Amino acid sequence: MKLSYRPEIDGLRSIAVGVVILYHAQINIMDLEPFRGGFIGVDIFFVISGYLITSIILKELIITGSFSFKHFYERRIRRILPALLFVMLVSFPLAWIYLMPSSFIDFSKSILYSLGFSSNFYFNYSGQEYGAESSLLKPFLHTWSLSVEEQYYILFPIVLLIVFKYFRKFLIHILILGFIISLGLAEWTSRNYPSVSFYFLHTRMWELLAGSILAYFEITKGHRGQHKTLNLILPTVGLLLISHYVLFFNDETLHPSIYTLFPIIGACLIIWFSHKDELITKILSTKLFVGIGLISYSLYLWHYPIFAFYKYSFAKGSLYIEILIILSLFIISCMSYFFVEKNFRNSQFKFSRISNILFLSTFLICLICIFIINQKGFPKKSIVDNMNLDFQYYVEEISNWQKINVNKKITNDQKEIITIIGDSHASNFALMFQTNPDLYSNFRFVPVRINKFKKIMNDESKINKEMLLIKKSNIIIFSFNYTESELEEVEKTIKSILKKTNKKIILTTNNPVFNLYGSRFTDLDFFLLNKKRKPNKNELINLEKKYFSFLEKNKVYHQNNIRLQDLSKTYNLKLLDKSFYQCDDINKRCEVLTNNYNKINYDSHHYTLDGAKYLGKKIYKHNWLQLN
């Protein structure tokens, strides 16, 4: 069932895809990212999808009294799959060139889950936080939203058909009730399980249903908003609501939640009150906005892989290069739209032929992905001169070592228990002592997340042996990759500990934080990639000076350490500087390799197993921890 064409809807699509691209491009103006709320563009897409799909289904049901699932899903397949499969096929050579083995495996798995309309589940359960720096290195992370829409396309027509046939007079009530329940779930889940709330359909359904409710009223009333004054004002209000969210909200905003309601209302106002004589409608209906809207699906598909592979390429982010990338994105998207999307959506192109092409393409993609996974991402790709460039290799090495040497049955020995509270830096800090048991034989180091520590201190029930050790601990060390919010949480926890116990508290500064290329590769990695060998003595000295220079200029690192100095003075606590055992302030150098020529860091601020053992020995030699 065809709908009358509304150019302003394509214009709204252009706004949605534009802010998403600007958000992922991380545009920086005078040290500010003005589009940090640009992720809301995906939510606007959901509203548009809900409106259009419900309009198609309801019109067909009302006019014909029935609904053709065959034609509906044929249109969805023509619309979604050809361009998606094309982007996947083109991405494989780039993935082979740029991705390390672990990332290559992750890339292949994400494609398989995308083909199964379930990549949102994959990214949630693999622990991928959307908006985190690491998320920009996942070429197909953006397919989570396609999976949500595809799940909606599978479930919603069935539910709508049943309700229409048997509970027709309650249809709008059910849509509104679904909207309210889903919004309530989004609000609660975002506070308690933010990743689930972000990725799953049940907390996104209200955005789709917002569009569905508009479609219901338009079809049953026979028209949209027809109040002359409101038609002139409310589309502008709608655009302002969207713009306000894009400019003044960010990744730390609970999302989706009540806060998200405002830009969703904004999108609904534009859809409902747009009118040919109104300014915003005229702007959205111009050739520029409509043109971008028409290629918005291709733009959305291509932008994330292009940005991700660009980050892996080590290219320096100059303004000219960024402009070139944006231009390339538009050129590729135009080609994708005209040569792939339009051809496959052409009704003269028989669906039987399309089905064969899509089946063969999907089969080929699955074979390639399974082969990559079975080959473990081709691990030899990451080895240069017996040194591994894949950070995941070191993460797994540490995990395997801890399973054998640390995560054993806890025994009741007479060792002094030292609790290390923090994030990943807590376990990484403990690793320096755990890998040197002969030097620290009188101590047991137990890392714990801050939230778990607070529960242990406040809850006497269901206490296990690990919890008992933490309760018995008389020395507490804080070790974080500190952020502003974590510093506030640390101060609250210090107050609580001092109020309830007489435990000794020690603060540590941040680990030294060094430069990264493509958010994954250190300066040492970059050297190895270019030279295909380890550095000689003079080259190593230059690298060490480069590491120190970056650390010296790192404003956030120093600001956090100043805040920690203030905390230590306020509460009369010892503060230990972690740069002491890796960096030399006199010679202005930070160590890069152990004395056995192994990596110390596997990323900008975490230690390898060899690095932790090496630094643990230095800490003991200089009595840095001062426990005795």
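The values are calculated or read from the model by the stated rules, or taken from the named source; none is laboratory data. Source: prediction; values computed, not measured. Backbone-built Cβ (ideal geometry, glycine too); neighbour counts: all protein chains shown. For accessibility, only protein heavy atoms count, side chains too; no ligands or nucleic acids. Shrake-Rupley method; radii C 1.70, N 1.55, O 1.52, S 1.80 Å.
Scanning the stretch 538-554 for residues that are closer than 21 Å to Phe480 by Cβ and in a loop (DSSP other than H, G, I, E, B) yields a single hit, Asn554. The set of residues in the stretch 180-206 that are in contact with a helix residue (DSSP H, G or I) (Cβ under 8 Å, 6 or more places away or on another chain) and of a type in the set (Phe, Trp, Tyr) comprises Phe198, Tyr199, Phe200, Trp206.
Here Ser347 meets the list (1) open to solvent by less than 50 Å² (accessible area, probe 1.4 Å); (2) among the hydroxyl-bearing types (Ser, Thr, Tyr); (3) not in a helix (DSSP H, G or I) almost entirely, failing just condition (1).
Applying the set (1) assigned to a helix (DSSP H, G or I); (2) surrounded by 14 or more Cβ atoms within 10 Å (Cβ to Cβ) to Leu254 leaves exactly one unmet item: (1). Of all the criteria given as (1) under 28 Å from His142 (Cα atoms); (2) of a type outside the set (D, E, K, R); (3) free of Cβ contacts under 8 Å to residues at least 12 places away in the same chain; (4) open to solvent by 80 Å² or more (accessible area, probe 1.4 Å), the one not satisfied by His244 is (3). Only one of (1) polar (S, T, N, Q); (2) without any contact (Cβ under 8 Å) to a residue 60 or more places away in the chain; (3) closer than 26 Å to Lys138 by Cα is not met by Asn515, so which one is it? Among (1) polar (S, T, N, Q); (2) without any contact (Cβ under 8 Å) to a residue 60 or more places away in the chain; (3) closer than 26 Å to Lys138 by Cα, Asn515 violates only (2).
Every listed requirement among (1) surrounded by fewer than 20 Cβ atoms within 10 Å (Cβ to Cβ); (2) at pLDDT 95 or above is met by Ser134 save one, (2). Can you tell me which residue is nearest to Lys545 (Cα to Cα) among those in the stretch 497-509 that are in a strand (DSSP E or B) and hydrophobic (A, V, I, L, M, F, W, C)? Top of the filtered list is Leu507.
Considering the stretch 26-48, the residues that are open to solvent by 20 Å² or more (accessible area, probe 1.4 Å) and either in contact with a helix residue (DSSP H, G or I) (Cβ under 9 Å, 6 or more places away or on another chain) or in a helix (DSSP H, G or I) (or both) include one that is modelled with the highest pLDDT, namely Phe45.
Based on this model, can you work out whether Lys276 counts as over 30 Å from Leu137 (Cα atoms) and of a type in the set (D, E, K, R)? Answer is yes for this residue. Checking each residue in the stretch 179-202 for being closer than 18 Å to Trp144 by Cβ and not hydrophobic (A, V, I, L, M, F, W, C) picks out Ser182, Thr189, Ser190, Tyr193, Pro194, Ser195, Ser197, Tyr199, His202. For the stretch 292-315, the criterion of being buried (at least 22 other Cβ atoms within 10 Å of the Cβ) and over 28 Å from Ser135 (Cα atoms) is met by no residue. Regarding Ser579, is this residue open to solvent by less than 50 Å² (accessible area, probe 1.4 Å) and either within 23 Å of Gln392 (Cβ to Cβ) or assigned to a strand (DSSP E or B) (or both)? Answer is no for this residue. Among the residues of the stretch 232-241, those that are under 19 Å from Lys276 (Cα atoms) and open to solvent by less than 70 Å² (accessible area, probe 1.4 Å) comprise Leu234, Pro235, Thr236, Val237, Gly238, Leu239. Contact annotation: residue pairs with Cβ atoms under 8 Å, 6 or more positions apart or on different chains, pairing a residue in the stretch 159-187 that is outside any helix (DSSP H, G or I) with a partner that is of a type in the set (Val, Ile, Thr), are Phe167/Ile174.
Looking at Phe307, Phe330, which one is in a helix (DSSP H, G or I) and touching a His at 6+ places or on another chain (Cβ under 9 Å)? None of the other options fit; the residue is Phe307.
Looking at Pro512, Pro535, just one residue is part of a loop (DSSP other than H, G, I, E, B), farther than 25 Å from Phe478 by Cβ, open to solvent by less than 20 Å² (accessible area, probe 1.4 Å) and not β-branched (Val, Ile, Thr), and that residue is Pro535.
Given the structure, is Ile494 outside any loop (DSSP other than H, G, I, E, B), touching a Ser or Thr at 6+ places or on another chain (Cβ under 8 Å), among the β-branched types (Val, Ile, Thr) and surrounded by 16 or more Cβ atoms within 10 Å (Cβ to Cβ)? It is false that Ile494 is outside any loop (DSSP other than H, G, I, E, B), touching a Ser or Thr at 6+ places or on another chain (Cβ under 8 Å), among the β-branched types (Val, Ile, Thr) and surrounded by 16 or more Cβ atoms within 10 Å (Cβ to Cβ).
Tell me yes or no: at least one residue of the stretch 215-231 is within 28 Å of Arg36 (Cβ to Cβ), without any contact (Cβ under 8 Å) to a residue 12 or more places away in the chain and exposed (fewer than 14 other Cβ atoms within 10 Å of the Cβ). No, every residue in the stretch 215-231 fails to be within 28 Å of Arg36 (Cβ to Cβ), without any contact (Cβ under 8 Å) to a residue 12 or more places away in the chain and exposed (fewer than 14 other Cβ atoms within 10 Å of the Cβ).
When restricted to residues that are open to solvent by 70 Å² or more (accessible area, probe 1.4 Å), modelled with pLDDT under 95 and assigned to a helix (DSSP H, G or I), the stretch 353-383 contains 1. Looking at the stretch 445-455, which of its residues are modelled with pLDDT under 85 and in contact with a Ser or Thr (Cβ under 9 Å, 6 or more places away or on another chain)? If the condition is that a residue be modelled with pLDDT under 85 and in contact with a Ser or Thr (Cβ under 9 Å, 6 or more places away or on another chain), then Ile450, Phe453, Lys454 are the ones that fit.
Looking across Ile321, Ile325, one residue alone is open to solvent by 50 Å² or more (accessible area, probe 1.4 Å), at pLDDT below 95 and not in a loop (DSSP other than H, G, I, E, B). It is Ile321. Pairs are defined by a Cβ separation below 6 Å, a sequence spacing of at least 6 or placement on different chains, a first member in the stretch 434-451 that is more than 14 Å from Thr419 (Cβ to Cβ), and a second member that is modelled with pLDDT of 85 or more and small (Gly, Ala, Ser); the pairs so defined are Thr435/Ala612; Thr435/Gly616; Asn436/Gly616.
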